[in-house]
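Here is the structure we will look at.
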Amino acid sequence: MTQMKLGLGLYRHALTRDNFQFARQAGATHIVAHLVDYFHGGGHNPRDNQPTGTELGWGRAGDPNRLWPLEELVGLRKEIQAAGLELEAIENFDPAHWHDILLDGPKRKQQMENVKTLIRRLGQAGIPIMGYNFSIAGVCGRTRGPYARGGAESVGMEGPLDAPMPNGMVWNMVYDPDASEGCVPSISSEELWRRLGEFLREITPVAAESGVRLAAHPDDPPLPTMRGQPRLVYQPRHYQRLLDLAPSPANALEFCLGSLAEMTEGDVCEAVDCYSQQGRIAYIHFRNVRGKAPFYRETFVDEGDVDMLRVLRILKKNHYDGVLIPDHTPQMRCDAPWHAGMAYALGYMRAGLQWIDGE
Ligand SMILES: [Mn+2]
């Protein structure tokens, strides 16, 4: 029997009892929660879909002086447990809490303490994973259109985005609306790897001590640069470099099959085999795409380039026992487009897990 678990990721505004019940009804046992409100103050970002935004980003970052309180984390975990589910991970730091870690700015030292505090609180609250994405430009440059089967609205990319990033913005959110005019200067790829190395060497021991695993998302979209800024994990092999920076089980991966499939080198199934053998996958974004960056489209889970059942078989062979969540799905034409898309993906995933167990 595979020990893999089915989960659902929920944006901050979607962390409701109704959605916990929805997840349970679709067969999920775990929740991955986003505490950053990506949609806050953003103009072109409907809340019923994953955020895309414009060159102005998704929205405003949170309150720099308010780290997620322990009581809030404990409360969320209890609410999720009351619905018969487990809270597996928090996904993404708020740019307000760590922008100068990414940018190597004057508040870096204070913000490293922020991150340590947050991770210790996760540990105290019994939340085992903290997902993050060490990226200056963040998830940007994507378009939206009727890209998936039957004209279902989905997200994709139609060429690179080179427009420079305005001051006051990082990770595709605005953390300082009063920043001076001008743009964030470009840095080299090696400089960004240096910043990540310092981050991991200092934070990984705190995570290990707290019983929390750090889980790195690859770059989405996976390109060498976006908005004039370098990116770290835009080919499957770059994940190894990240793991080797801090050889600890607490330095792990938020393994995004969609982003890996969009990469121009390597093979998704080989990457699944390689990283699941090492036991360094904390949880999985189980989604499918057609095409490669910078020209790809997110699809329904069963119509993309990746053989998702083969992925499940490899994970089973390597005894992966973590959570899989759908990540994004196309929107389905009905009164509840997001929910229908998620229910479709969860049903597919549950059937896949039952199928490979019968083999
Ligand atoms: Mn992902």
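Some points to look at:
- For the chain, built as a Gaussian network whose Cα springs stay under 10 Å, the top-fluctuating residue of Gly151, Gly57, Gly126: Gly151
- Trypsin sites (Lys or Arg not before Pro) within the range 196-275, DSSP loop, no more than 13 other Cβ atoms inside 10 Å: Arg237
- Straight-line reach from Lys316: taking Cα to Cα under 13 Å and skipping same-chain neighbours fewer than 8 places apart, the aspartates and glutamates in range are Asp273, Asp357, Glu359.
- Scanning the chain for DSSP H helices at least 15 Å long along the axis (C-alpha atoms) with a Kyte-Doolittle mean no lower than -0.5 picks out 70-82, 189-210, 337-358.
- For Ala351 and Arg237, a Förster radius of 35 Å and the Cβ-Cβ distance give a FRET efficiency of 0.60, rounded to the nearest 0.05.
- Listed by chain and number, the lysines whose C-alpha is less than 26 Å from the C-alpha of Lys78, apart from same-chain residues fewer than 8 away, are Lys5, Lys116.
- Trypsin sites (Lys or Arg not before Pro) restricted to the range 1-102 and DSSP loop, no more than 13 other C-beta within 10 Å: Arg66
- Whole-angstrom gap from the range 216-238 to the range 263-319, using each part's C-alpha centre: 16
- In terms of its C-alpha gyration tensor, the range 5-358 has a rounded overall shape, because the principal axis ratio a/c (a ≥ b ≥ c, square roots of the eigenvalues) stays below 1.5.
- Mean Cα-pair separation over length for the chain, i.e. relative contact order, pairs under 8 Å, 6 or more apart, %: 18
None of the figures in this text is laboratory data; all of them are computed from the coordinates on show. Bear in mind the structure is a predicted one, so any value in this text is a computation, not a measurement. Cβ: placed from backbone, ideal geometry, glycine included. Neighbour counts: every protein chain shown.
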